[in-house]
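Working notes, structure below.
The values are calculated or read from the model by the stated rules, or taken from the named source; none is laboratory data. Bear in mind that the values here come from a model prediction, so they are computed numbers and not experimental data. A quick note on method: Cβ atoms are made from the backbone with ideal geometry, for glycine too, and the neighbour counts reach across all protein chains shown. Please note that ligands, DNA and RNA were not included when accessible areas were found on the heavy atoms of the full protein model with its side chains. Shrake-Rupley method; radii C 1.70, N 1.55, O 1.52, S 1.80 Å.
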Amino acid sequence: MLFYDFEVFKYDWLVVIKDTDTKITTTIVNDPEHLKRFYEAHKNDIWAGYNSRSYDAYILKAILCDFNPKEVNDYIIVKKMGGWQYSSLFHKIQFYNYDVMVNKAYGLKQLEGFMGNDIRETTVSFNIDRKLTSKELEEVIFYCNHDVEQTMQVFLNQIEEFNAHLGLIKTFDLPLKYINKTKAQLSAIILGASKKEYDDEFDYQIVDTIKIDKYKYILEWYKNPLNKDYNKKLEIDISGVPHVFAWGGLHGAIPKYVGEGIFVNSDVGSFYPSLMLEYDFQSRSIRDKLKYQNIYDTRMKLKHEGKKKEQQPLKIVLNATFGAMKDKYNPLCDPRQANNVCINGQLMLLDLIEKLEEKYTLIQSNTDGVMFKLNSLDDLVDYEKICDEWCKRTRMTLEHDIIKKVVQKDVNNYLIVMDNGKVKSKGAYVKELNDLDNDLAIVNKAVKDYFTKDIPVEETILNCNDLKEFQKVSKVSSKYSYALHGDKKLSEKVLRVFASRSRLDKGVFKVKTEDRVEKISNTPEKCFIENGNIDNKKVPRKLDKQWYIDLANKRISDFIGDYN
């Protein structure tokens, strides 16, 4: 594989390419003939970059076609057009590009920050209206080389994404050029979908296996033509729990709830794929609907055989297909069928709640399942019997997990302790962190340890001296011109900030116009910035640990109300 990154200026361009096989780094500056020779020698290799599907691949193709790379750069960045629209010649160039950017919410610099690496950027402006000096080029090459190295590190941290992508191509015997496609695009190709236009997205049906008596009003709400509008939603209490019914998954939870005892979380197995198969809710753009069924059956067989790696590509196709049904650019697009899946899914879960609520206490419901509190473990047999009757009627399956403790702020933010002691969590405050999502880790740990181990937040935070655990990585978006630390203008737009006790340290701000300056959200009033490598660095004396303690306490209050 080759990892690469382009930098484009008005009168200069350069690319850094690293070969993982030979370990050789190639740097090409303003030399299209050198790039063409290199491309010809490596056009059968996989090239990987960060956001390369949208940017770098088209800069490369522009140079191969003898276009001005700056014009293509501005077409993509300034005019916000798709690189593929610039020229029909681009499509004819063989190029096996893999985009390392999996989560569009984060830029490469933010991921570098999360990993604790150096996130300093070149001081050379991309708006320079002249050729760069040799010193400026040297600086840009240094930072470009660093970004390629970081892209490789990000790639390794999420290697399973690449393996899954390659798994799809191998499993379904697709040409290697499809490595550039998204998983949803690959799913459309695998299922043989062809683009069709539909104008019946609200002509959905409610299946006859749903039996709702008490909450008929909700059933009628979906049938009312006046409600067939994506801006409308129904907010209503179900079993004493606030719920929202709309055009996505079901959402309902007891707010700010803490409880211990016997809970059962019941998830519908492969809910959306099962609905699509059992009730013919597949996209009508799929030529052969048996193909989806065969993929589903093969995946289930491999899953039961414990072949996790082999079944993963099939799982991707099954799950990506639903999301693609509301993507207007995907051949699988079929909004009516997507609405059929969502609406019937919500109503089926409502049906299940209605059958269980008389005996058990509803704690939360979500897109593919419900959670109830039982009176004792003896209730489990009766609970599962009611569930089995529902499964038989709806042709769905349920998987039950026993939970002994629930702490939930709302349906999107909760922490549960399974009967085996394993902790599962969801939401910004308590989610599982990793090298590529690692913000305010010490606050996350303090909140989780408070709820699961009864450890005071002060103990967790005061006993930690690893600087990276305290980092807050903030990005100033392109809507703003630059960032300020106090009144000092910064060249970087991604900042790693820490709360400070020093009176000399100021806050961080973002500037839209000279008279419109805003504080960067969720940052301390006084902070210091450390954009260099902080791996294995210890906290300095001026770190304000009290700020982190106060934030952890606030987050606990957000979860359960006042608790001190």
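Can you give the extra length, in nm with one decimal, that the chain gains between residue 166 and residue 231 once fully stretched, where that is 0.36 nm per residue apart less the Cα-Cα distance?
Length difference between fully extended and current span is 19.5 nm.
Can you tell me how the stretch 412-494 classifies by the Cα gyration tensor, rounded, prolate or oblate, using a/c under 1.5 as the rounded cut?
prolate
Give me the 1.4 Å probe accessible area per residue for the stretch 289-372, excluding ligands and nucleic acids, in Å².
On a per-residue basis, the stretch 289-372 sits at 40 Å².
Order 394, 123, 298 by their accessible area, 1.4 angstrom probe, all chains in place, largest first.
123, 298, 394
Counting other Cβ atoms within 10 Å, keep those with at most 11, restrict to DSSP loop, and tell me which trypsin sites (Lys or Arg not before Pro) in the stretch 86-133 are left.
104, 130
Rounded to the nearest percent, how much of the accessible area of the chain (1.4 Å probe, protein heavy atoms only) is carbon and sulfur?
Roughly 49 percent, rounded to a whole number.
Quick check: residue separation of residue 478 and residue 142 times 0.36 nm, minus the Cα distance between them. What number comes out in nm?
Extra length available between residue 478 and residue 142 comes to 118.6 nm.
Please provide three numbers in whole Å: the alpha-carbon extents of the chain along the principal axes, with the largest listed first.
Projected onto the principal axes, the Cα atoms of the chain cover 77, 63, 48 Å.
Let me check against my output: what whole-number percent is the relative contact order of the chain, with C-alpha pairs under 8 Å and at least 6 apart?
With pairs under 8 Å counted, the relative contact order is 13 percent.
Let me have the relative contact order for the stretch 1-141, percent, based on Cα pairs under 8 Å that are six or more residues apart.
This gives 27 percent for the stretch 1-141.
In the stretch 296-332, which residues have a backbone nitrogen under 17 Å from the label point lying 7 Å from residue 287's Cα in the Cα-to-Cβ direction?
331-332
With Cβ to Cβ distances under 10 Å as the rule, what net charge do the other residues near residue 261 carry (K, R +1; D, E -1)?
Cβ neighbours under 10 Å give a net charge of +2.
I'd like the antiparallel share, as a percent to the nearest 5, of DSSP beta bridges with both residues in the chain.
Counting only bridges with both partners in the chain, antiparallel ones make up about 90 percent.
Using label points projected 7 Å from each Cα along Cα→Cβ, tell me how many nm separate residue 434 and residue 557, to one decimal.
About 3.4 nm separates the two model spin labels.
Show me the chymotrypsin sites (Phe, Trp or Tyr not before Pro) within the stretch 456-564 that DSSP assigns to loop and that have at most 11 other Cβ atoms within 10 Å of their Cβ.
Qualifying residues, ordered by number: 563.
Any idea of the accessible area per residue across the stretch 81-207, 1.4 Å probe, to the nearest Å²?
52 Å²
Grab the beta carbon distance between residue 153 and residue 404, set R0 = 25 Å, and tell me the FRET efficiency rounded to 0.05.
0.05
What nm distance separates the two modelled labels at residue 389 and residue 278, each placed 7 Å from Cα along Cα→Cβ?
Simple spin-label model gives 1.7 nm for this pair.
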